[in-house]
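Asks: Structure provided below as structure tokens; questions to follow.
Every number in this text was worked out from the coordinates using simple rules, so none of it is lab data. Just so it is clear, the model here is predicted, and its values are computed rather than measured. Note that we place each Cβ from the backbone using ideal geometry, even for glycine, and neighbour counts take in every protein chain shown.
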Amino acid sequence: MSHTETKNANPAPLGLLGFGMTTVLLNLHNAGVIELSAVIVAMGLALGGAAQLIAGVTEFKLGNTFGGTAFCSYGLFWWSLCLIWLRPFGSIAPADGAAMGFYLLLWGIFTLFMFIGTLKHNRATQTVFGSLTVLFFLLAIADFSENHTLKTIAGIEGLLCGLSAIYSALAQIVNGEFGKEIMPLG
């Protein structure tokens with residue numbers, strides 16, 4: 001009787017691509033390069049939201065509390081942000097600067113503690129979470145103060161954050177395919 005061993009795939013690249021690609025698109029908007037449009041909302045719902053939820057649930061199934069919490073939380077962040085933009089709640093007031101400031105501040109605090117958790121991870125993961133922490137706090141301050149220049153600066157920083165996540169995802173895929181480090185993660 002033969003015994004075949006099942007190898008589990010790494011769900012992190014899917015989650016990181018979902019996060020990174022959506023973050024790049026949104027921060028092109030924050031930096032003033034493109035308008036907020038159906039492109040960003042669709043990417044937020046599909047790749048930012050759904051792909052990260054799939055990756056997160058898979059991480060939980062593999063016993064990775066950090067990865068599961070991160071991907072599920074940020075996937076739901078994208079869904080909640082898209083709902084804020086789409087405003088499907090009838091007579092409930094839309095989000096103003098103060099409400100968005102508190103929303104982003106809470107995500108910044110959560111992300112700061114997730115960043116602390118990355119201190120046991122590679123430099124690429126630390127870069128993603130460190131830059132995301134800075135991004136959330138910059139966006140919160142920009143919304144509280146209604147400072148357009150600060151939002152543009154946050155957008156540029158957010159591009160770096162999103163690109164770092166894309167790099168981490170692609171490095172994990174390439175390294176996994178070759179069975180050795182081709183693209184360093186630190």
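Asks: Could you list the trypsin sites (Lys or Arg not before Pro) in the range 62-158 that lie in coil according to DSSP, counting only those with at most 11 other Cβ atoms within 10 Å of their Cβ?
Replies: Within the range 62-158, the qualifying trypsin sites (Lys or Arg not before Pro) (loop, at most 11 other Cβ atoms within 10 Å) are Lys120.
Asks: Report, ordered by chain and residue number, the lysines lying within cross-link reach of Lys180, taken as a straight Cα distance under 26 Å and ignoring same-chain residues fewer than 8 apart.
Replies: Lys7, Lys61, Lys120
Asks: Related question: For percent of Cα pairs over 26 Å apart, which listed value, (1) 30; (2) 26; (3) 37, comes from the coordinates shown?
Replies: Label (1) holds the value from this structure.
Asks: For the chain, what is the mean residue ellipticity at 222 nm derived from helices alone (per DSSP H run of n ≥ 4: -39500 (n - 2.57); sum divided by total residues; nearest 500 deg cm²/dmol)?
Replies: -24500 deg cm²/dmol
Asks: Convert each backbone phi in the range 55-64 into a coupling constant with the Karplus relation 6.51 cos²θ - 1.76 cosθ + 1.60 (shift: θ = phi - 60°), then list the ³J(HN,Hα) values in order as whole Hz, x for Gly and Pro.
Replies: Ordered by residue, 3J(HN,Hα) equals 4, x, 4, 5, 4, 4, 4, 7, x, 9 Hz.
Asks: Sorted by average packing, counted as other Cβ atoms within 10 angstrom per residue and highest first, what order do 124-132, 82-90 take?
Replies: Details: 124-132: 22.3, 82-90: 11.9.
Highest mean packing first, the order is 124-132, 82-90.
Asks: Alpha carbon centre of the range 65-119 versus the range 142-186: separation in Å?
Replies: Rounded to whole Å, the Cα centres lie 18 Å apart.
Asks: Please tell me the relative contact order of the range 50-186 in percent, rounded to the nearest whole number, where contacts are Cα pairs under 8 Å and at least six residues apart.
Replies: For the range 50-186, the relative contact order is 18 percent.
Asks: Could you tell me which GluC sites (Glu not before Pro) in the range 1-76 are loop residues by DSSP with no more than 11 other beta carbons within 10 angstrom of their beta carbon?
Replies: Counting only loop positions with at most 11 other Cβ atoms within 10 Å, the GluC sites (Glu not before Pro) in the range 1-76 are Glu5, Glu35.
Asks: Using the per-residue mean of other Cβ atoms lying within 10 Å as a proxy for protection, in what order, highest first, do the peptides 22-28, 139-145 fall?
Replies: Packing proxy ranking, top to bottom: 22-28, 139-145.
Asks: Using Cα atoms only, what is the angle between the long axis of helix 65-86 and the major principal axis of the chain, expressed in degrees (0 to 90) to the nearest 10?
Replies: 30
Asks: Test of the criteria: in the range 123-186, which GluC sites (Glu not before Pro) are in a DSSP loop and have at most 14 other Cβ atoms within 10 angstrom of their Cβ?
Replies: When the GluC sites (Glu not before Pro) of the range 123-186 are filtered for loop state and at most 14 Cβ neighbours within 10 Å, Glu146, Glu181 remain.
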